[in-house]
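For reference, the structure is listed below as structure tokens.
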């Protein structure tokens, strides 16, 4: 079942991208760029353009961009989305609602997330994940939330195994994590959004992954994991951005799949 098939069955979808943060870990680049507007690949297109094109490729054509810091850079480049074949709406972050869950709640409260299923995409993630398959899986499992997960992730530091006396019994340099990790892409059923107000009241800086997802699990809701082998890359720091340039050939090959 494709997203087009889903719509025929009266299920409406929207995509929202978190692109309002200061991008402190990407400084000094983000003194000049909004973090989602940092150029990537040989074509030097903004990261956010690849996200928008990926969404369009999988028929998520109604996109809500949650903007804040340097919002004009984003708005001036994408405008209403027409030249990308999508419809883009902008929601400016409200200082009263902090954190990623706060930004999502702000858009929800203002009526911009009026769909049955909401795809949430973290704006520093570069990927060619099959969003059509992820949506199909989400609907078939009837979950309130589905997280895109990847296996084979390696931590960026060495890990020590220690005895109680402090002696190191084993040391692993950048080991592979055996559990699947979140890649910053998820789909939420509209019911999940109703929990945001509770989180706003309970936390100063409510977070989608740290607070919303655990809350749904505690409430006994069905939260599913969609395992993907697709390319993904977190561009959330200067170190990661520099590493991306070193991987240019591999990255370009994967990015081409989005543009086709």
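The values are calculated or read from the model by the stated rules, or taken from the named source; none is laboratory data. The structure presented is a predicted model; accordingly, all values stated were derived computationally and were not measured. A quick note on method: Cβ atoms are made from the backbone with ideal geometry, for glycine too, and the neighbour counts reach across all protein chains shown.
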Legend entry - Among residues of the stretch 69-120, those that are over 18 Å from residue 13 (Cα atoms) and assigned to a strand (DSSP E or B), counted: 1
Inset, instruction - Can you confirm whether the stretch 62-79 contains a residue that is more than 19 Å from residue 20 (Cβ to Cβ) and over 19 Å from the mean Cα position of the chain (by Cα)? - result: no
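Can you name the residue in the stretch 242-260 that is buried (at least 16 other Cβ atoms within 10 Å of the Cβ) and more than 17 Å from the chain's Cα centre (by Cα) and, of all such residues, is farthest from residue 51 (Cα to Cα)? Spell out the reasoning first.
Residues of the stretch 242-260 buried (at least 16 other Cβ atoms within 10 Å of the Cβ): 244, 251, 254-255, 258.
Retained after the next criterion (residues that are more than 17 Å from the chain's Cα centre (by Cα)): 244, 251, 254.
Numbers: 244: 16, 251: 14, 254: 13 Å.
Result: 244.
Each row is one residue, and each column tells you yes or no for (1) surrounded by 16 or more Cβ atoms within 10 Å (Cβ to Cβ); (2) closer than 16 Å to residue 118 by Cβ; (3) modelled with pLDDT of 90 or more.
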{"position": "165", "(1), (2), (3)": "no, no, no"}
{"position": "174", "(1), (2), (3)": "no, no, no"}
{"position": "180", "(1), (2), (3)": "yes, no, no"}
{"position": "190", "(1), (2), (3)": "yes, yes, yes"}
{"position": "220", "(1), (2), (3)": "no, no, yes"}
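For the stretch 168-183, indicate whether the set of residues that are touching a residue at least 24 places away in the same chain (Cβ under 8 Å) and in contact with a helix residue (DSSP H, G or I) (Cβ under 9 Å, 6 or more places away or on another chain) is non-empty. Give the steps one after another, and end with the answer.
The first filter runs over the stretch 168-183 and keeps only residues touching a residue at least 24 places away in the same chain (Cβ under 8 Å), leaving 176-177, 180-183.
Adding the requirement that they be in contact with a helix residue (DSSP H, G or I) (Cβ under 9 Å, 6 or more places away or on another chain) leaves 182.
For the stretch 168-183, residues touching a residue at least 24 places away in the same chain (Cβ under 8 Å) and in contact with a helix residue (DSSP H, G or I) (Cβ under 9 Å, 6 or more places away or on another chain): present.
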Inset, instruction - Determine if the stretch 68-90 includes at least one residue that is surrounded by 19 or more Cβ atoms within 10 Å (Cβ to Cβ), in contact (Cβ under 8 Å) with a residue 60 or more places away in the chain and within 21 Å of residue 132 (Cβ to Cβ). - result: no
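Just wondering, is there one or more residues in the stretch 22-30 that are touching a strand residue (DSSP E or B) at 6+ places or on another chain (Cβ under 7 Å) and at negative phi?
Restricting attention to the stretch 22-30, the residues satisfying the condition of being touching a strand residue (DSSP E or B) at 6+ places or on another chain (Cβ under 7 Å) are none.
The answer is no, given that none of the residues of the stretch 22-30 is touching a strand residue (DSSP E or B) at 6+ places or on another chain (Cβ under 7 Å) and at negative phi.
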Inset, instruction - Working carefully through the options 96, 101, 115, find the one that is surrounded by 21 or more Cβ atoms within 10 Å (Cβ to Cβ) and either on the phi < 0 side of the Ramachandran plot or within 15 Å of the chain's Cα centre (by Cα) (or both). - result: 101
Inset, instruction - Could you tell me whether residue 36 is touching a residue at least 60 places away in the same chain (Cβ under 8 Å), part of a helix (DSSP H, G or I) and touching a helix residue (DSSP H, G or I) at 6+ places or on another chain (Cβ under 9 Å)? - result: yes
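Could you please find all residues in the stretch 145-163 being touching a helix residue (DSSP H, G or I) at 6+ places or on another chain (Cβ under 9 Å) and either surrounded by fewer than 21 Cβ atoms within 10 Å (Cβ to Cβ) or free of Cβ contacts under 8 Å to residues at least 40 places away in the same chain (or both)?
156
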Inset, instruction - Please give the number of the condition residue 64 fails out of (1) within 18 Å of residue 131 (Cα to Cα); (2) assigned to a helix (DSSP H, G or I); (3) touching a residue at least 40 places away in the same chain (Cβ under 8 Å); (4) touching a helix residue (DSSP H, G or I) at 6+ places or on another chain (Cβ under 7 Å). - result: (2)
